[in-house]
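First comes the structure, then the notes that go with it.
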Amino acid sequence: MLERFADLTTPLVADACVRLGVPLRAAPPGVGSVVPGQRIAGRVLPARHYGSVDVFLEAFGHATPGDVLVVDNDGRSDEACVGDLAVLEAGAAGVAGLVVWGLHRDSAELAEIGLPVFSYGRCPLGPVRVDDREPEALTTARVGGHLVGRDDVVFGDDDGVLFVPAERVEEVLTVAVGIRQVEREQADRIRSGETLRRQTAFDDYLLRRAGDPAYTFRRHLRRVGGAIEE
């Protein structure tokens, strides 16, 4: 999955989802890579955190190579729920990366380990609680307002984190490749002196909109074959 995502970005995947009518599910703004430039793509391995690392160790027992551990810590800002030992163990289990709806610690060690970790940020404090465990602890994880599980694939880069249903991934990535190609061609033409306004026949759009206020720029882009917004 990471190879398929290598030449794409989360904005391209998001635009492809819009074009195909796939519901948009993104981690809340602020969830980002501990080390800039790192990327993730893989099937979701969910785990809800209740104050102890045991839930991660149990989840790793169900991991398949390339999975991404998605940690639900309810977006808490008073503790870090992931550190260097958990990340090292994730790598040993074949996990390709982590997405944490919460905080991490041991930042220097995580950078040295190199396994991609996406979180809300850093905090030196570890958990000092142990809460009651829910039956869904290892079947689903909440990330912001979204519920994700083993039937989802997660993508992450410097723009953020997205979740796509596994059954729609192939068509989403195929459409994303097409959007990327059109956008690259448009960018090359701008650099060569052909403005985006000219490429998209923007004056024609303004004339059509004047005669038909319901004529949107998105509709116009579909007519002329542009790829700026979905």
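Output the residues belonging to the range 201-215 that are within 23 Å of GLU183 (Cβ to Cβ) and loosely packed, with under 13 Cβ neighbours inside 10 Å. Correct list: ASP203, ASP204. In the range 124-143, the count of residues that are of a type outside the set (Asp, Glu), in the same structural domain as GLY32 (by TED's automatic domain parsing) and free of Cβ contacts under 8 Å to residues at least 12 places away in the same chain is one or more.
With surrounded by 15 or more Cβ atoms within 10 Å (Cβ to Cβ), in the same structural domain as GLU58 (by TED's automatic domain parsing), β-branched (Val, Ile, Thr) and more than 21 Å from SER52 (Cα to Cα) as the only criterion, which of VAL95, VAL154, VAL117, VAL100 stands out? Even if it seems obvious, please write down each step before you answer.
Values: VAL95 fails: more than 21 Å from SER52 (Cα to Cα); VAL117 fails: more than 21 Å from SER52 (Cα to Cα); VAL100 fails: more than 21 Å from SER52 (Cα to Cα).
After applying the criteria, what remains is VAL154.
Only a single criterion out of (1) over 20 Å from LEU110 (Cα atoms); (2) surrounded by 15 or more Cβ atoms within 10 Å (Cβ to Cβ); (3) among the polar types (S, T, N, Q) is not satisfied by THR64, namely (2). A count restricted to the range 52-79 and to residues that are among the aromatic types (Phe, Trp, Tyr) and either touching a His at 6+ places or on another chain (Cβ under 9 Å) or more than 22 Å from ALA41 (Cα to Cα) (or both) stands at 1.
Taking (1) modelled with pLDDT of 95 or more; (2) closer than 30 Å to VAL34 by Cβ in turn, ARG184 satisfies each apart from (1).
On the basis of being aromatic (Phe, Trp, Tyr) and assigned by TED's automatic domain parsing to the domain that holds ARG105, does PHE202 make the cut? Step through it out loud before you land on a result.
Working: aromatic (Phe, Trp, Tyr): yes; assigned by TED's automatic domain parsing to the domain that holds ARG105: no.
No; evaluated as a whole, the condition is false for this residue.
Kindly indicate whether any position in the range 124-132 is out of contact with any Gly (no Cβ under 6 Å at 6 or more places or on another chain) and basic (Lys, Arg). Checked against the condition, which is being out of contact with any Gly (no Cβ under 6 Å at 6 or more places or on another chain) and basic (Lys, Arg), the range 124-132 yields no hits at all.
Quick test for you: out of VAL154, VAL82, pick the one residue that is β-branched (Val, Ile, Thr) and closer than 13 Å to ILE40 by Cβ. Explain how you work it out, then say what you get.
Details: VAL82 fails: closer than 13 Å to ILE40 by Cβ.
From the options VAL154, VAL82, the qualifying one is VAL154.
If the requirement is being in contact with a helix residue (DSSP H, G or I) (Cβ under 9 Å, 6 or more places away or on another chain), within 30 Å of ARG222 (Cβ to Cβ) and surrounded by fewer than 16 Cβ atoms within 10 Å (Cβ to Cβ), which of these qualifies: LEU88, LEU12, LEU20, LEU8? Break it down stepwise before answering.
Working: LEU88 fails: within 30 Å of ARG222 (Cβ to Cβ); LEU12 fails: surrounded by fewer than 16 Cβ atoms within 10 Å (Cβ to Cβ); LEU8 fails: surrounded by fewer than 16 Cβ atoms within 10 Å (Cβ to Cβ).
Testing whether each residue is in contact with a helix residue (DSSP H, G or I) (Cβ under 9 Å, 6 or more places away or on another chain), within 30 Å of ARG222 (Cβ to Cβ) and surrounded by fewer than 16 Cβ atoms within 10 Å (Cβ to Cβ) leaves just LEU20.
For the residues ASP152, ASP132, ASP159, the requirement of being within 24 Å of VAL99 (Cα to Cα), in contact with a Ser or Thr (Cβ under 7 Å, 6 or more places away or on another chain) and of a type outside the set (A, V, I, L, M) singles out ASP159. Candidates in the range 91-121 are the residues that are in contact with a helix residue (DSSP H, G or I) (Cβ under 7 Å, 6 or more places away or on another chain) and touching a residue at least 60 places away in the same chain (Cβ under 8 Å); of these, the one that is farthest from VAL44 (Cα to Cα) is LEU110.
The values are calculated or read from the model by the stated rules, or taken from the named source; none is laboratory data. Predicted, not measured: the structure shown is a model, and the values here were computed from it. Counting neighbours? That spans all protein chains shown, and the Cβs are built from the backbone with ideal geometry, glycine included.
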